[in-house]
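Data block below; observations after.
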Amino acid sequence: MIPVSLLAWLGGEWLGVAASVLSALAWLVDDLASSQVHLNYLAACWNVATRLGFFLVASWSLSALRKTLRREQALARTDPMTGAINKRFFYDLAQMEINRLAAQLFHNALDDGQAQAVPVDAHPVELCGLNGAAGWSAVRPFPLSRTQKRTWPF
């Protein structure tokens, strides 16, 4: 069930359906190879159909949930009346840039051989060494950690 769920969530509806069919067929092959005796072939077909139905329902449910989540995220970043992007879009964009900067700084430190233990909640500005007055106040509005509340000057 985990592979079907992951493929449906990450790959979409059709990949989830394909994984469901393959999983049901693999289960049928395993039943036939394990010398499990069915009194009737109708019982074996019923078992395959039931398993396939269960996998398909889970796959379609997860892919629909993922589509709905993506749609809601897109709607949350735009103004419902005008369709223009709002503050949340800029917050998310700024957080992506901060994460990209942190990854770039860490990889540059690895390339230079100067990598040190970095705290999990370290802020990219701290990694740059901008703890001084000018550098820190320039980027102060960005959150330091996920638990700290955002403080914006506007």
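Summary of computed values
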| item | result |
| --- | --- |
| Label-to-label distance, nm, for residues given as Asp30 and Ala43 (7 Å Cα→Cβ offset) | 1.9 nm |
| Region 21-72: C-alpha gyration tensor shape, a/c 1.5 cut-off, then a/b vs b/c | prolate |
| Fewest-first ranking of Ser59, Ser5, Ser20, using other Cβ atoms within 10 Å as the exposure measure | Ser5, Ser20, Ser59 |
| Cβ-defined net charge surrounding Ala64, 13 Å radius [Lys, Arg +1; Asp, Glu -1] | +2 |
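Readers should treat all values here as calculations from the given coordinates under stated rules, not as data from a laboratory. These figures come from a predicted structure and were not determined experimentally. Glycine gets a Cβ as well: all are built from the backbone with ideal geometry, and neighbour counts include every protein chain shown.
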